[in-house]
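The values are calculated or read from the model by the stated rules, or taken from the named source; none is laboratory data. Bear in mind that the values here come from a model prediction, so they are computed numbers and not experimental data. Cβ placement follows ideal geometry from the backbone for every residue including glycine, while neighbour counts extend to all protein chains displayed.
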Amino acid sequence: MTKYAQARGELLAELDGMRLEVDAAKKVATLTLDRPPLNIVSYKARSQIGALFEEFGRDPDVGVVVVRGANGVYTSGGDVRGFFKVPRDGMSHLAWNIGAPERCPKPVICAMEKYAFGVGWELALACDFRIATKDTLVALPEITIGQMPGSGGSQRVLRMVGMTRAKDMVLMGRRLPAAEAHSWGLITEVVEDSAALDKTIASYCAKLNALSPLALSSLKRVLNQGEDCSLEASFDLEGHAYEKLRDSHDYKEGAEAFFEKRKPKYTGN
């Protein structure tokens, strides 16, 4: 057991090109990609992202997670030079780590500025909300260097926008302006600039943290799993989750607050 704990501790002992802040008062964890000038994501950072999101899910001080980039840039993508140092079969699992925001029981927001390319866009696609400034470009450009997306991007785009648009974007390595990506349903909201982005993210965090954590985690799971189920199976999934919530403190508190015309005080139980 000790060696496993040691390995986990060593993995997270020093973040590689990232920094983490947890505001317990606001119940917000912010993971910032911070490797000037364009915040590229290293191979090691991918494993760290996966491990961090597991911890976010368990941390009672975290209600919402925000992923963003430093210095007015989200990220231009992965560390391509570093990939050639990775042993054979060492990169077939990348979608698992980068897909960690989707598995996290808490809402995850991605704040994007300027570039959201490659693995950065794949990470954003695994988040629940994607907010971008109007000058942001999103892309999976791997085809232009003789490769293909390897962290889940092609499959997430396919499921979100369908085959025709997915091929237009991914096979061509096309850069989509934020407005076009929004019209396709790939981006939740487009805002004017960095100041508006900060204000919007704060608003999302406050609204989400005012809701029942238990209901949010249940509904997030139902939506994510229901996407790949038959309609009949997804109805069953929804029904059982609904039934589970009926006995919760949060549901009783929410109903009582509604009838008493006051703000509910949720506990996540």
TODO: Out of the residues in region 19-32 that are of a type outside the set (V, I, T) and in contact with a helix residue (DSSP H, G or I) (Cβ under 6 Å, 6 or more places away or on another chain), state the one that is farthest from S47 (Cα to Cα).
DONE: K27
- [ ] Check off (1) touching a residue at least 60 places away in the same chain (Cβ under 8 Å); (2) loosely packed, with under 12 Cβ neighbours inside 10 Å; (3) of a type in the set (S, T, Y) for Y204 and give me the number that stays unchecked.
- [x] (2)
Task: Residues (surrounded by fewer than 24 Cβ atoms within 10 Å (Cβ to Cβ) and either among the aromatic types (F, W, Y) or within 28 Å of C205 (Cα to Cα) (or both)) located in region 140-154 - done: G152
Task: helices (runs of 4 or more DSSP H) completely within region 160-269 that count 3 or more residues being closer than 18 Å to C110 by Cα and in the same structural domain as G63 (by TED's automatic domain parsing) - done: 178-184, 194-209
Task: Exclusive hit being of a type in the set (D, E, K, R), over 26 Å from G226 (Cβ atoms) and not in a loop (DSSP other than H, G, I, E, B), set R35, R8 - done: R8
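Go through region 101-139 residue by residue and tally those that are of a type in the set (V, I, T) and surrounded by fewer than 23 Cβ atoms within 10 Å (Cβ to Cβ). I'd like the intermediate steps shown before the answer.
At the first step, the residues of region 101-139 found to be of a type in the set (V, I, T) are 108-109, 119, 131, 133, 136, 138.
Now restrict to residues that are surrounded by fewer than 23 Cβ atoms within 10 Å (Cβ to Cβ): 133.
Number of matching residues: 1.
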Open item on the list: Please pick out the residue among M112, M169, M91 that is closer than 30 Å to A210 by Cα and of a type outside the set (S, T, Y).
Closed with: M112
TODO: Among what's in region 224-269 and is surrounded by 14 or more Cβ atoms within 10 Å (Cβ to Cβ), in contact with a helix residue (DSSP H, G or I) (Cβ under 9 Å, 6 or more places away or on another chain) and among the charged types (D, E, K, R), pick the residue that is farthest from L158 (Cα to Cα).
DONE: D250
